[in-house]
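Asker: Take this structure first; my questions come after.
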Amino acid sequence: MLEIWILFVIWCFPYGDMLRRPRRNRKNRWIRDLVAEANLDLKDLMFPLFLKEGKGLKEEIASMPGIYRYSTDELVREIEQCLELGIHSFALFPSIADNLKDRSASEGLNPDGLYPEAIRTLKSRLPEAILLTDVAMDPYSSDGHDGLVVDGEILNDETVDILARMALVQAQAGSDIIGPSDMMDGRVKAIRETLDENGLRNVSIMSYTAKYASVFYGPFRDALDSAPKHGDKKTYQMDPRNRREAIIEGELDMEEGADFLMVKPALPYLDVIYQLSSVFELPVAAYNVSGEYAMIKAADQKGWLDGSLAMVESLMAIKRAGASIILTYFAREFAETLKG
Ligand code: PBG
């Protein structure tokens, strides 16, 4: 009896009065494409790549299936293939041998080290590849911290001096964009001034503006063997509970001369991407980090979801939030998907 009453009420509902039917804009894929607000373009992606000493080396990272550490010769081949696929921008991270690590990250200042040598080789062989190079102490530091550790404290201003010199070495080797990933206060200004004093006015800075103290960096630290030996990074990386603090970081980076702002990680911080891209006129990049990549890969390998579709949906969400650039380990896979 109750069912009959429900049917009667539904039948009486005045459908004809419904003027607005959002489903009309979803009725087939061409209409959906016409009204799509966000679009993914290969030109917006940057591909992070890992570099290691050696020859003919291509070593898969256990927690990042499909992502490798390359020796310089193999890296040239990889980037060549990516250029053919339509990827033009690359973020390069060096994996440094333990015996070269020390407290002051001195290998990061060695102009003949693995990293500057690779930058020089890549820029001479493939000048059209845009290179974002990483400025922070952790790949070279025996403490595994982004700054100088004294009595358990990460010193700010002393670190900034080292970072500015590190940026100069990379810029002189041919880096297109310097990426300070350390979160020390005042480092963008120090780097900008050092580059300008040395006639490197055209080298850009992509500041890691809102970089959070995140568990999602785990696989990256495996890749570089760069996990902190003691303590965590909470005195310099941002607290995941904070959003408005990202505006303070953004204002400082603007004043200090950054060309791009970055939010990192991406998916757990879409609100921050949205906020920075609404507040600031500079292009906002988002770093879809190693842990975000590893989660999708792991679930895909278990057959728990379709990794390829999860990749596209995630990247699209990051664009929709307002990122103009996405750093993602999916870049090559996405390019291959487009080629069919
Ligand atoms: C460190 C650095 C990290 C990443 C990029 N640069 C890790 C950290 O801060 O410990 C993480 C990138 C990723 O997880 O993909 N300067």
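Asker: Hey, got the dipole for the range 45-339? About the Cα centre, +1 on K and R Cβ, -1 on D and E Cβ, debye to the nearest 20?
Answerer: Around 700 debye, computed over the range 45-339.
Asker: Right, something else. Long-range amide H contacts for Leu51: which residues qualify at under 5 Å (H placed 1.01 Å from N, peptide plane, sequence gap of 5 or more or a different chain)?
Answerer: For Leu51, the qualifying residues are Tyr70, Phe93, Ser95.
Asker: Something else: How long are the semi-axes of the equivalent ellipsoid of the chain, taking √(5λ) for every eigenvalue λ of the Cα gyration tensor, in whole Å from largest down?
Answerer: 41, 23, 20
Asker: Pairs to check: Lys229/Lys297; Lys189/Lys234; Lys229/Lys264; Lys58/Lys319; Lys189/Lys211; Lys189/Lys319. Give those whose C-alpha atoms are more than 25 Å from each other in this structure.
Answerer: Lys229/Lys297; Lys58/Lys319; Lys189/Lys319
Asker: Continuing with the same structure: How large is the helix-only mean residue ellipticity at 222 nm for the chain, computed as the sum of -39500 (n - 2.57) over DSSP H runs with n ≥ 4, divided by its residue count, in deg cm²/dmol to the nearest 500?
Answerer: When only DSSP H runs of four or more count, the value is -12500 deg cm²/dmol.
Asker: For the range 98-180, what class follows from the C-alpha gyration tensor (a ≥ b ≥ c being the square roots of its eigenvalues): rounded when a/c is under 1.5, otherwise prolate if a/b is larger than b/c, else oblate?
Answerer: prolate
Asker: Checking the a/c ratio against 1.5 first, then a/b against b/c, what shape does the Cα gyration tensor give for the range 204-340?
Answerer: Note, shape of the range 204-340 comes out oblate.
Asker: Dividing the convex hull volume of the alpha carbon atoms of the range 159-267 by its residue count, what do you get in Å³ per residue?
Answerer: 115
Asker: Something else about it: Counting Lys and Arg as +1 and Asp and Glu as -1, each charge on the Cβ, what is the dipole of the range 228-287 about the Cα centre in debye, to the nearest 20?
Answerer: Around 460 debye, computed over the range 228-287.
Asker: Of the peptides 317-327, 246-256, how do they stack up when ordered by the mean number of other Cβ atoms within 10 Å, highest first?
Answerer: Most protected by this proxy first, the peptides run 317-327, 246-256.
Asker: Based on the mean of other Cβ atoms within 10 Å per residue, sort peptides 123-131, 280-288 so the most packed one is first.
Answerer: 280-288, 123-131
Asker: Comparing Gly66, Gly199, Gly113, which has the greatest mean-square fluctuation in the GNM of the chain with Cα pairs linked when under 10 Å apart?
Answerer: With Cα springs under 10 Å in the chain, the top fluctuation among Gly66, Gly199, Gly113 is at Gly199.
FYI, it's all coordinate maths here, none of it is from the lab. In this text, all values refer to a predicted model and were calculated from it rather than measured experimentally. A quick note on method: Cβ atoms are made from the backbone with ideal geometry, for glycine too, and the neighbour counts reach across all protein chains shown.
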